[in-house]
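Working notes for the structure below.
The values are calculated or read from the model by the stated rules, or taken from the named source; none is laboratory data. Just so it is clear, the model here is predicted, and its values are computed rather than measured. Reconstructed Cβ throughout: ideal geometry from the backbone, glycine too, with neighbour counts over all protein chains shown. Accessible surface is based on the protein model in full, side chains and every heavy atom, while ligands, DNA and RNA are left aside. Shrake-Rupley method; radii C 1.70, N 1.55, O 1.52, S 1.80 Å.
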Amino acid sequence: MRLSVIGCGYLGAVHAAAMASIGHEVVGIDVDQRKIDSLSQGKAPFFEPGLQEILTEGIASGRLRFTTDLAEAKGAKVHFVGVGTPQQKDGYAADLTYVNAAIDGLLPYLSEGDIVAGKSTVPVGTAAGLAPRVSETGATLIWNPEFLREGWAVQDTVDPDRLVIGIPDADDEQLVQVVKDVYHPAIAKGTPFIVTDYATAELVKVAANAFLATKISFINAMAEIAEVTGADVTQLADAIGHDARIGRRFLGAGIGFGGGCLPKDIRAFSARAEELGRGESVNFLREVDAINLRRRDRAAQLVVDAFGGSVFKKNITVLGAAFKPHSDDIRDSPALDVAIKLRGLGAWVTVTDPEALENAERLHPQLNYVADRDEALRGADAVIVVTEWDEYRRQLDPEHAASLAEGRIIVDGRNCLDAPAWRAAGWTYYGMGRP
Ligand code: UDX
């Protein structure tokens, strides 16, 4: 099938390449010439495992190309819109400038029977607002939210947990069949396929992210209680996680969530609920956000306390900059936030990360960046792990780290280290919500 994908960021670039990898003929379109140049040369503009391979394959096969010219969307049967919906500069609501621009720009190139499939995360009610403009061209707007996780984006696109589409007419079997044809490998595998209305499809996405954020902040709230009672939040999470109704996943207490989705999505959800006169229904999301942000202060405070009250002129090595492993994304990264807080308290901060250093340095030039992990550890008075890369979690031997560092303070901002092993190597270990 011929497909167009408007917006070639984390979502769109992966979607375009993944759709080509399952046999479709795809044109990816973005206004950013540099991004398009990079993608056209088969180079992923960001780190995402597996993307490079399917990009190269797709371009070599002739099924995948990239352009800045929206006119090249003409002729595609389905047009995916995967542009960003960032937080507004002066508030919590989502900024829909790019969604509106993409839809309006696309209108002249739509033909009778085309499908415009919105993938961006939008406030509930957006699709209903956009639909009349699309209908005038004879095309149909559907909403097809995306649930991909960075680091697993290719896998999540080709083999998702579920597919959701919001459509204007639930009996439109022909339209449903076209969407099934697009996602044919997942459909053949029996992936749950939910056909619903616009509002439900839009809400499914924000509800999923709100739930995940709440789960993380719940366990971080328990970490706060553990800190004043001597309890161990990781054991607590293991124990409650055995209850199948609760489950252990997303109960990792630490410095909390960040990234391009969860923080902005819960804020946009709160803002939208306010607009709808139902602000009180999701008031708890404000608390979820507040708990989450407190954990960053707590991590910095642990380092301060470890030095008996001041980190002034102490050499602190920060292991991690990305908001999570397997990503070079530093948007709202709790890891970098902790590094910046420590710098603000007068410490000499050295940051290292396997993938995110370039992005971090561009945005926060005030920190010292060292690419080599061991070089970064040399002479450290304290070490703090803020992104649980395997390079720190599994591959960093505490004895080896001790041979490089000056001090023996290790703060585990992700509760990901083998505490007894670090203690045995002479380190004073501090976890998040652990004795
Ligand atoms: C998230 C959703 O998972 C995905 O479905 C949606 O499409 C986009 O938003 P992503 O932002 O890639 O995906 O990251 P995710 O893996 O969900 O992690 C979010 C943050 O939560 C990270 O900063 C991570 O470190 C943190 N986290 C995750 C915890 O602090 N504890 C946990 O137990 C799990």
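The H on the amide N of Val351, modeled in the peptide plane, is under 5 Å from the matching H of Val318, Asn368, Tyr369, Val370, each at least 5 residues off or on a different chain. When a 1.4 Å probe is rolled over the protein heavy atoms, the share of accessible surface on the stretch 347-426 that falls to carbon and sulfur comes to 43 percent. When the helices in the chain are scored as -39500 (n - 2.57) per DSSP H run of 4 or longer and the sum is shared across all residues, what 222 nm value do you end up with, to the nearest 500 deg cm²/dmol? My calculation for the chain gives -13000 deg cm²/dmol from helical runs alone.
Between the amide H of Val5 and those of Val27, Gly28, Ile29, Phe80, distances stay under 5 Å, these residues lying 5 or more places away or on another chain, with hydrogens modeled in the peptide plane.
Whole-Å semi-axes of the stretch 290-368's equivalent ellipsoid, largest first, each the root of 5 times a Cα gyration tensor eigenvalue?
Numbers: eigenvalues 85, 44, 19 Å².
In descending order, the three semi-axes are 21, 15, 10 Å.
Computed from Cα positions, the angle between helix 198-229 and the longest principal axis of the chain comes to roughly 10 degrees. Magnitude of the charge dipole for the stretch 2-196, about its Cα centre and with charges confined to Cβ atoms of Lys, Arg (+1) and Asp, Glu (-1), is about 280 debye. Placing His242, His364 in order of accessible area, with the largest value first and a 1.4 Å probe, yields His242, His364.
Each part gets one Cα centre, and for the stretch 370-435 versus the stretch 72-151 those centres are 45 Å apart.
When the Kirkwood hydrodynamic radius is evaluated over all pairs of different C-alpha atoms of the stretch 102-172, what value in angstrom, to one decimal, is obtained? Working shown, then result.
Numbers: mean 1/r = 0.0749 Å⁻¹.
Final number for the Kirkwood radius of the stretch 102-172 is 13.4 Å.
To the nearest 20 debye, what is the magnitude of the charge dipole of the chain about its Cα centre, counting +1 on the Cβ of each Lys and Arg and -1 on the Cβ of each Asp and Glu? Could you put the intermediate results ahead of the total?
Values: 44 positive and 60 negative charges, 151 e Å.
Here the size comes out at about 720 debye.
Semi-axes of the equivalent ellipsoid of the stretch 264-315 are 37, 9, 6 Å, computed as sqrt(5λ) over the eigenvalues of the C-alpha gyration tensor in descending order.
Going from the alpha-carbon gyration tensor of the chain, what semi-axes, largest first and in whole Å, does one get by taking the root of 5 times each eigenvalue? List each step's numbers first, then the result.
Numbers: eigenvalues 351, 116, 72 Å².
In descending order, the three semi-axes are 42, 24, 19 Å.
For the stretch 251-268, putting each phi into the Karplus relation 6.51 cos²θ - 1.76 cosθ + 1.60 with θ = phi - 60° gives couplings of 10, x, 6, x, 8, x, 8, x, x, x, 10, 3, x, 6, 5, 5, 5, 5 Hz, in residue order, rounded to whole numbers and with x for Gly and Pro.
Among the listed pairs Lys89/Lys313; Lys264/Lys314; Lys35/Lys215; Lys43/Lys264; Lys119/Lys215, those whose Cα-Cα separation exceeds 30 Å are Lys89/Lys313; Lys264/Lys314; Lys35/Lys215. Our Cα-only numbers for the stretch 5-76 put the radius of gyration and Dmax at 10.6, 31 Å. Here Thr229 sits with roughly 90 square angstrom of accessible surface, probe radius 1.4 Å. Shown in residue order for the stretch 82-90 are the 3J(HN,Hα) couplings computed by the Karplus curve 6.51 cos²θ - 1.76 cosθ + 1.60 at θ = phi - 60°: x, 7, x, 10, x, 6, 4, 5, 10 Hz (x for Gly and Pro).
For the stretch 2-196, a Kirkwood radius taken over Cα pairs fed into Stokes-Einstein (37 °C, viscosity 0.692 mPa s) yields D = 197 µm²/s.
Taking Cα atoms only, the orientation of helix 51-61 departs from the longest principal axis of the chain by about 30 degrees. Only protein heavy atoms count here; under a 1.4 Å probe, Asp169 has an accessible surface of about 80 Å².
Give me the percent of the accessible area of the stretch 2-196 that comes from carbon and sulfur atoms, probe 1.4 Å, all protein chains in place.
On the way: 4180 of 8180 Å².
Carbon and sulfur atoms account for 51 percent of the accessible area of the stretch 2-196.
The figure for Glu287 is an accessible area of roughly 100 square angstrom, using a 1.4 Å probe on the protein chains alone.
Any idea of the accessible area per residue across the chain, 1.4 Å probe, to the nearest Å²?
43 Å²
When only the Cβ of Lys, Arg, Asp and Glu is charged (+1, +1, -1, -1), the dipole of the stretch 71-137 relative to its Cα centre reaches about 140 debye. With all protein chains in place and ligands, DNA and RNA left out, the 1.4 Å accessible area ranks Arg133, Arg245, Arg2 as Arg245, Arg2, Arg133, largest first.
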